[in-house]
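What follows is a short report on a single structure.
Quick note: the coordinates plus some simple rules give every number you see, no bench work behind them. Only a predicted model underlies this, so the values are computations on that prediction, with no experimental measurement involved. Ideal geometry is used to build each Cβ from the backbone, glycine not excepted, and the neighbour counts take in all protein chains shown.
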Amino acid sequence: MTYTTFEARPLSGALGAEIHGADLKAHGNTRMWDELQQALLEFKVIAVRGQNLLPAEQRDAAAHFGKPSHYPFAQGLPDIPEMTLVVKEAQDRRNFGNGWHSDTPYLAEPPAITTLYAVETPPRGGDTLFTNTQMAYEELSTGLRRMIDGVSGVFSASLKYRPGGNRQEHHAKITSMPVTNTDSADRYVSRHPIVRTHPQTGAKALYCSLTHTLHLDEMTERESQPLIKMLYEHASTPEFTCRVRWEPGQMTFWDNRCTMHNAVNDYHGARREMRRLTVRPEKPV
Ligand SMILES: [Fe+2]
């Protein structure tokens, strides 16, 4: 598709585009907002470069994509409680968002869209990887697709299988973020289909990860883990991915219904500060 209000430069064969020439403060430019919605559907991840947004301006831009969703494990900004800072200080070793995942699938209505705005970026590194889970689903054999269609998974915030320990241990090591509420992580559990259908495109996508999917419905953890692990590894096949580089003033939007992402922790010694706001809570179907 061609866009008339900005330039979209694809990031890989699978997904992702950099958007140049858009102005996220131009709320009256309905054609641009329609095209941004189209570009997000086409590319699944759009990195809008060259912005200069205060927190309220990020909120107003994100509002074109849906109403805000609350993140349960970080304290929000005083006047915008749904917006959280994602900070790694120069002395920190752990980062936030490491490991392939879709955002907060343990909620009953996970946010369809995440927005992340770069305030400060390291001189190199700190990229975010994305993978196209629609493509990952479509590249499975017909036999396996038939087997997993209609299967649900149990999604938990406890990060039970995560390398480095559970959510509480992991967050305790992230010292520069006001991480809260981690002792209640076990209470955030939801059941969703592991193959979900995108409500706007009708396309199916894998919705399953070692980071959050504890087990498949009516199966034990021991029975489920090999399949979850295989689907997780399959979903991160290089041909399904792209890599988003950041610069200050960049706002990236991604569709959690058909992607996963992984924040690369390769910039020890440098500071990175982002603002995160998720929108459009929606029950996966
Ligand atoms: Fe994330």
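Which net charge results for the neighbourhood of ARG59, defined as the other residues with beta-carbon distances under 15 angstrom from its beta-carbon, given Lys and Arg at +1 and Asp and Glu at -1?
Numbers: positive: LYS25, LYS67, ARG275, ARG276, ARG280; negative: GLU57, ASP60, ASP79, GLU82.
Neighbour charge sum, excluding ARG59 itself: +1.
Along the range 261-268, what does the Karplus equation 6.51 cos²θ - 1.76 cosθ + 1.60 (θ = phi - 60°) give for ³J(HN,Hα), rounded to whole Hz, x for Gly and Pro?
Listing the rounded values in order: 9, 8, 7, 6, 9, 10, 9, 3 Hz.
Could you tell me the number of lysine pairs in the chain with C-alpha atoms less than 29 Å from each other, where the two lysines are 8 or more residues apart or belong to different chains?
Eligible lysine pairs with Cα atoms under 29 Å apart amount to 23.
Given N residues in the range 7-281, what is Rg(Cα) / (2.2 N^0.38 Å)? Mind showing how you got there, number by number?
Values: Rg = 17.9 Å, N = 275, 2.2 N^0.38 = 18.6 Å.
Computed over Cα atoms of the range 7-281, the ratio equals 0.96.
Quick one: net charge around CYS242, please, counting Lys, Arg +1 and Asp, Glu -1 for every other residue with C-beta under 12 Å from its C-beta.
Working: positive: ARG9, LYS44, ARG243, ARG245; negative: GLU18, ASP127, GLU239.
Net local charge, CYS242 excluded: +1.
Between GLU239 and VAL264, what's the calculated FRET efficiency when r is the beta-carbon distance and R0 is 22 Å? Round to 0.05. Can you show the working numbers first?
Working: r = 18 Å, r/R0 = 0.84.
The computed FRET efficiency comes out at 0.75.
As an exercise, use a Förster radius of 25 Å and the Cβ-Cβ distance of LEU41 and ARG94 to find the FRET efficiency, rounded to the nearest 0.05.
Details: r = 34 Å, r/R0 = 1.36.
About 0.15, to the nearest 0.05.
How many nm separate the modelled label positions at LYS25 and SER141, each set 7 Å beyond the Cα in the direction of the Cβ?
5.6 nm
Which residues in the range 107-132 have a backbone N closer than 13 Å to a point placed 7 Å from the Cα of THR201 along the Cα-to-Cβ line?
Hits in the range 107-132 for THR201 at 13 Å: 131-132.
Pairs of alpha-carbon atoms within less than 8 angstrom and 6+ residues apart define the contacts here; what relative contact order does the chain have, in percent?
36 percent.
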